[in-house]
Structures are given as C-alpha cells and as structure tokens.
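A short worksheet on the structure shown next.
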Amino acid sequence: MKKVILGDHAVSYGALLSRVQTIAAYPITPQTLIIERLSEMTANGESNAIFTKVESEHSAMASTVGSSASGARAFTATSSQGLALMHEMLHWAAGARLPIVMANVNRAMAPGWTIWTDQNDSLSARDTGWMQIYCQNNQEVLDSIILGYKVSEQVNLPTMVILDAFFLSHTAEGVDIPDIKEVDKFLPPYKPEIKMDINDPRSFGALTSPDVYMEFRYKMQESMDKAKEVITREGKEFGKMFGRKYGLVEEYRTEDADTILVASATVASTARAVIDEMREAGQKVGLLRIRVFRPFPTEEIVRVIGGKKKVIVIDRNISFGKTGIFFDEVKGAFYNYTGNKPPMFGYIAGLGGRDVTPKVIREIMDDAIKKDKPESEILWKGVKL
Amino acid sequence: MKHSKKEIKIKGASDMPEMSASLGSMAHNKTASWRNLKPVIDESKCIKCFICWKFCPDAAIDFTDENTPPKINYDYCKGCGICAHECPVKCIDMVEEER
Ligand code: SF4
Ligand code: SF4
C-alpha cells in the first residue's frame, strides 16, 4: 500500500512490519515522532510489542540489550545527544553480539544547541561495532529497518539505520508499505542460538581475561567482513520480493564518468539532479553513494572510482584535527591500491543543518573540476569568513 | 550449545561462541582463585545470628538451618573480610591463604 508519510513514521512502520517484540525509548527531537507513532501502535494493538518508557537513552539501550539477550527482537530509536548518552551501551550491544536495530536521526551535536542535521552524532559511534546504514529517502528508511534485522540476525551485530533530521525525519514522501505477510516471508522470527534462559543458566559478558578477549574482538571483525556479503545478498533478495534492491554502495551514471562525486544520505539524493544537469551539458560525471558505512565497502569504492580522473567527496561531518570522515576513509581505501589513484577533493558542507542544495553541489563540482589538485585537505563550502 | 559437566578447553577463536557467554552456569565457573585471606569460622563460639550470611556481598555463605553454624563456600568466597568485620562475637578469623 502506498502512503505519503514522514521519514520518522517510515521508521515506525519498519519496526511494526518487522514484528519487533520490545521497544524501549526516550523521546528527543527529531526522533520523537518515531516513538509517538510506535506507542500508538502498541496501545491500539497494531503491534504486540512491549513498550517501555525509560528515564534516559542510556537506560533505553540497557533495556534493549536485556530484552535482546533474552531472545526478543528488540528496537529503539534516538538522535544526537541521546546517542551520545547511550554510547557505553552501544559497545555493550555490539560486544554482546545482539542483533538490535536502532534508528538514529542525524542531528548535530551541541553546543551551540541545535536540532538540525549533520552526521557527527552517528560517526562518533563509528568504532562501537554497529553496522551503519545511511538512508537517502523515506522508502529506504522503512526497507532498511526490515533488512537490518535480516542481516543483524545472521551476523550477530547490531544495525543503526540513519536518517537526516528534518530533510527525511519531518518530510513527507510517497512510501510503499509492504504487506506484513510478505515481510513475514522475508523475515522469519528471531531464534538465537544462545539466550538468557532460566532453564539453561549462563553468565553473559562476565570478566574476560586477556587469554580470550582478543579472540572475541577477532570474531567481531570476522562477522563485520561477513556482513558485507550478507548485506549484498539480502539486498538482492529484498529486491526480488519487493522490487527495490539495496547494496553497500549505489552507483549513478558512473560507468563512463571521469569525475565521481562521493556522498551519502540526502546529499546524495540531491546530487543525482546535479549529475543529470551536468550530463545534459556533456560533462562526464557520476555519483557514488555510500549507503553502508560500517562495514566499510572498500572493495566497491576502489572498483568504482579507481582509475578515474578526479574524485570529489562531500562530508556533512568533520573529524576535528583531521578532515571530513568519509573523505578520510575513501582516501584510506586507496593506500594499498596499485592502480591509478585519482586526486581527491574533500569538501565539508551543510554542518548543523545548513542546506546543501543542487546549487551548492554544482558549485562544489565546478570548483573541483577546474582545479588540478586541492589547495588544502579540507575545502570548506559556504563558510562565511 | 547445551553445557556439559566436563571441562571445556578452548584453543582459539574457532571453538569459541561469538558472545562472551559462559558455556554453563556459575556452578561450573569457580571464582575464588584470587582470594588472599580466607575466613574461618570458629563454630564453638558462633551464636548463629547469621549476620555474616546476610552481609556477604558474594552470597558465598551457605545457610543450612537455624541450629547449624553457617558454612563458607570457598569456591566463591573472595576473602573480602566483611563477614569477619560484621560478626558480633568476632568468631571469624581471616587466615593467610597458602599456595
Ligand atoms: S570473606 Fe567476604 S566473600 Fe568471603 S565469605 Fe566473608 S563476606 Fe563472603
Ligand atoms: S556472624 Fe559470627 S556469630 Fe553470627 S552466624 Fe556468622 S559466624 Fe556465627
């Protein structure tokens, strides 16, 4: 059924269709609508999930960890300061190998106090062991929640489904809401191998000596590597069933392109219009959208942009003291590449919710195309000096 | 993955579970190896008030019945000395462990 819904409500529907069994959450703008809608769904019987109101995001994730460890399909959602507050528990969820799915609405970090989008909140959680999916529209948001459980429950790592504040969370778009019976065929009930069970008592996450700790970390990395295949396979399978295919990255007019723009989230969906406009003017440009940031799609990135003339990365985030984070990682992917390494331009734009319009993207493209090499590691777009 | 009573030897990552869950309950996982001081109850002086039993933070003191002095479970006692400190008749002695 097609409906016009907000990005936040696309998350709620994704959780409903995944038949989540527990929801523990604390409201924060711009995530609140996700939780409001889910509380209505549990109150009116649309969803059988147990809805727990908690006193903080730290408790939200702690509660979610507990219910997931006891074998429930567990869900929560947060944003920005809330994600930062649950940081300790993010490590716990991943280290305990729990297939939790959480939506995070990308909102810039305070101070100065803000509610608008950028990616520094979720990227600060980069090394926690969570998979991270950056969505470009509301349909992908809904689909990625379902896909998140399908993948997480195979690799025993949690998934963070990420959407831009306001540009998706509070923007209404046409979304196909699949029939729950069809979703059931794709996503069977969760059956963990080990869970908290009074008839088979165990201790979980107890003191782990230097003898074995490193092996647990090795196994997490092994699962992250495996997740690349699983995400690709399940994304194709999802495409066969629902007509929308998903991968680690998405290519747009890249094949014969000599200049590639790399972007994520809604900047990438806006960029598509700019690519079309430039193509019409005869310029050989293409777009590589990074959809999955963890596990990082090194091979796909090298395959698409290796040997190109120029690569332009737009980051709606910054690692202070370094550069934009996607830019840094895309460059890193090439260090051991023996082929022709394209010069890379790293632009930072749109921090704290500043608009990244087609005009802004076009100016970035034109600027990089006319230069042989970048004059500095960070190219600030639109900073008023 | 049902646990068994026999000892499990782990060689490396390939025979470990993904999560750090014990392969059995704490009944199989003795945790007293780092005890330096061992509490010893002088049963002839014990007045069976069970204050030690109540205070032990590790639940390492077993209760049998009201007429029997409590028994310290040396598989789990960490030697913190709280029981000896709390005992009203000072009949628990903390003795050095010999290894
Ligand atoms: S020494 Fe501490 S752990 Fe051991 S029995 Fe006494 S109170 Fe319990
Ligand atoms: S506290 Fe002392 S007297 Fe009381 S039960 Fe324990 S050992 Fe006996």
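The values are calculated or read from the model by the stated rules, or taken from the named source; none is laboratory data. Model, not experiment: these values are computed from the prediction. Cβ: placed from backbone, ideal geometry, glycine included. Neighbour counts: every protein chain shown. Side chains included, ligands, DNA and RNA excluded: accessible areas come from the protein's heavy atoms. Shrake-Rupley method; radii C 1.70, N 1.55, O 1.52, S 1.80 Å.
Taking K and R as +1 and D and E as -1, what net charge do the other residues with C-beta under 12 Å from the C-beta of A:Arg362 add up to? Neighbourhood net charge equals -3. Normalised by the number of residues in chain B, the average gap of Cα pairs under 8 Å and 6 or more apart makes the relative contact order 32 percent. Note on the stretch A:1-43 and the stretch B:28-99: Cα centroid distance 52 Å, given to the nearest whole angstrom. Only beta bridges with both residues in the stretch A:2-242 are counted; by DSSP, about 20 percent of them are antiparallel. Taking 25 Å as the straight-line reach from the Cα of B:Lys9, the lysines in range (excluding those fewer than 8 positions away in the same chain) are A:Lys195, A:Lys219, B:Lys30, B:Lys78.
If you add up the charges near A:Glu277, with Lys and Arg at +1 and Asp and Glu at -1, over every other residue whose beta carbon is less than 13 angstrom from its beta carbon, what do you get? Around A:Glu277, the surrounding residues sum to +1. Contact order for the stretch A:271-329, expressed relative to its length and based on alpha carbon pairs under 8 Å spaced 6+ residues apart, stands at 17 percent. Using the Karplus relation 6.51 cos²θ - 1.76 cosθ + 1.60 with θ = phi - 60°, the per-residue 3J(HN,Hα) values for the stretch A:366-383 come to 4, 4, 5, 5, 7, 9, 6, 8, x, 6, 7, 5, 10, 10, 6, 9, x, 6 Hz, with x marking Gly and Pro. The stretch A:355-373 and the stretch A:93-133 have their alpha-carbon centroids 28 Å apart. When chain A is treated as a Gaussian network with alpha carbon springs shorter than 10 Å, the biggest mean-square fluctuation among A:Gly353, A:Gly239, A:Gly112 belongs to A:Gly112. Ranking A:Ser264, A:Gly282, A:Gly332 by how far each Cα lies toward the positive end of the dipole of the stretch A:249-380 (charges on Cβ) leaves A:Gly332 at the top.
From the square roots a ≥ b ≥ c of the eigenvalues of the alpha-carbon gyration tensor of the stretch A:214-335, which class results: rounded (a/c under 1.5), prolate (a/b over b/c), or oblate? Since a/c reaches 1.5 but b/c is at least a/b, the shape of the stretch A:214-335 is classed as oblate. Excluding ligands, DNA and RNA, the accessible surface per residue across the stretch B:30-99 is 66 Å² with a 1.4 Å probe. Centroid-to-centroid, using Cα positions, the stretch A:238-273 and the stretch A:145-173 are 17 Å apart.
Would you work out if the stretch A:44-197 is rounded, prolate or oblate? Take a ≥ b ≥ c from the square roots of the eigenvalues of the alpha-carbon gyration tensor; rounded if a/c is under 1.5, else prolate when a/b is larger than b/c, oblate otherwise. Taking the square roots of the gyration eigenvalues as a ≥ b ≥ c, the stretch A:44-197 is oblate. Between rounded, prolate and oblate, where does the protein assembly as shown land on the alpha carbon gyration tensor, with a ≥ b ≥ c its root eigenvalues, rounded for a/c under 1.5, else prolate if a/b exceeds b/c? Because a/c hits 1.5 or more and a/b exceeds b/c, the protein assembly as shown counts as prolate.
The GluC sites (Glu not before Pro) of the stretch A:99-195 that DSSP puts in a loop, and whose beta carbon has at most 14 other beta carbons within 10 Å, are A:Glu193. Loop-located trypsin sites (Lys or Arg not before Pro) in the stretch A:259-361 (DSSP state other than H, G, I, E, B) with a sparse environment of at most 12 neighbouring Cβ atoms within 10 Å: A:Lys322. Build a GNM of chain A with springs between Cα atoms under 10 Å: which of A:Gly247, A:Gly45, A:Gly286 gets the top mean-square fluctuation? In this elastic network of chain A, the residue with the biggest mean-square fluctuation among A:Gly247, A:Gly45, A:Gly286 is A:Gly45. For chain A, a Gaussian network of Cα nodes joined below 10 Å ranks A:Ser269, A:Ser203, A:Ser67 by mean-square fluctuation, and the top entry is A:Ser203. Looking at the protein assembly as shown, the DSSP beta bridges with both ends there are about 35 percent antiparallel. The Cβ shell under 12 Å around A:Leu85 holds other residues with a net charge of -4, Lys and Arg each +1, Asp and Glu each -1. Per residue, the accessible area of the stretch A:218-287 comes to 46 Å², computed with a 1.4 Å probe over protein heavy atoms only. Using a cutoff of 8 angstrom between alpha carbon atoms and counting only pairs six or more residues apart, the relative contact order for chain A works out to 16 percent. For each pair in A:Lys310/A:Lys359; A:Lys284/A:Lys331; A:Lys150/A:Lys381, compute the distance between the two Cα atoms and list the pairs where it is over 27 Å. From A:Lys310/A:Lys359; A:Lys284/A:Lys331; A:Lys150/A:Lys381, over 27 Å: A:Lys150/A:Lys381. For the stretch A:1-159, the carbon plus sulfur part of the accessible surface works out to 56%, probe radius 1.4 Å.
For the chain pair B and A, the interface hides roughly 1800 square angstrom of accessible area in total, found with a 1.4 Å probe.
Within 10 Å of each candidate Cβ there may be at most 15 other Cβ atoms; applying that plus a DSSP loop requirement, which chymotrypsin sites (Phe, Trp or Tyr not before Pro) in chain B survive? Don't skip to the answer; put the middle values down first.
On the way: sites: B:Trp34, B:Phe50, B:Trp53, B:Phe55, B:Phe63, B:Tyr74, B:Tyr76; in loops: B:Trp34, B:Phe50, B:Phe63, B:Tyr74, B:Tyr76.
Taking chain B and a limit of 15 other Cβ atoms within 10 Å, the loop chymotrypsin sites (Phe, Trp or Tyr not before Pro) found are B:Trp34, B:Phe50, B:Phe63, B:Tyr74.
Think of it this way: in chain B, B:Cys46, B:Cys49, B:Cys56, B:Cys77, B:Cys80, B:Cys87, B:Cys91 stand alone, with no other Cys Cβ under 4.7 Å.
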